[in-house]
Amino acid sequence: MWEDHLVFKVGGKMYAITSFEPGETWLSLKCTDEDFYGLADGENVIPAPYLARAKWLALTSNTALPPAEVQRLLRQSHELVFSKLPRKTRERLGKKVEDSAQKTKQRSRIRMRREA
């Protein structure tokens, strides 16, 4: 079913979908009730096919909303799905993010020392 789509997941749960091929929608994502009812009235923003009952929106093109708004909606979608994951899964994923951030900081420190 998702052969021609790129599916973004957190903890095994979808939070956004985009298509590799041109089609009816460019990007679909989970959103809050407020965004669903507020944005779905727009010209290029529609309830996502098959996922609207779970409060998913679909953007019909990459110009449907300003890039900053798309970025906000993607982050919010990730947070909405992440918050519904079991506590142990959230803790495990949160630990991975913290570890990754610490490694990035360590690499930056080493790079700065080399350059000095």
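The values are calculated or read from the model by the stated rules, or taken from the named source; none is laboratory data. Keep in mind that this is a model prediction, so the values were computed, not measured. Cβ sites come from the backbone with ideal geometry, for glycine too, and all protein chains shown count toward neighbours.
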Some residue of the stretch 54-74 being of a type in the set (Ser, Thr, Tyr) and closer than 21 Å to LEU93 by Cβ: no
Long-range neighbours under 6 Å by Cβ, at least six apart or interchain, first residue closer than 15 Å to TYR50 by Cα and in the same structural domain as TRP56 (by TED's automatic domain parsing) within the stretch 4-30, second among the aromatic types (Phe, Trp, Tyr) and surrounded by 19 or more Cβ atoms within 10 Å (Cβ to Cβ): SER28/TRP56; LYS30/TYR15; LYS30/TRP56
Residue that is modelled with the lowest pLDDT, among those in the stretch 15-38 that are farther than 16 Å from ARG75 by Cα and among the hydrophobic types (A, V, I, L, M, F, W, C): PHE20
ILE17 touching a strand residue (DSSP E or B) at 6+ places or on another chain (Cβ under 9 Å), buried (at least 16 other Cβ atoms within 10 Å of the Cβ) and closer than 26 Å to PRO86 by Cβ: yes
Matching option when the condition is outside any loop (DSSP other than H, G, I, E, B), at negative phi and touching a Pro at 6+ places or on another chain (Cβ under 7 Å), among LEU73, LEU29, LEU57, LEU6: LEU57
Those residues of the stretch 5-51 which are over 12 Å from ALA64 (Cα atoms) and aromatic (Phe, Trp, Tyr), in sequence order: PHE8, TYR15, PHE20, PHE36, TYR37, TYR50
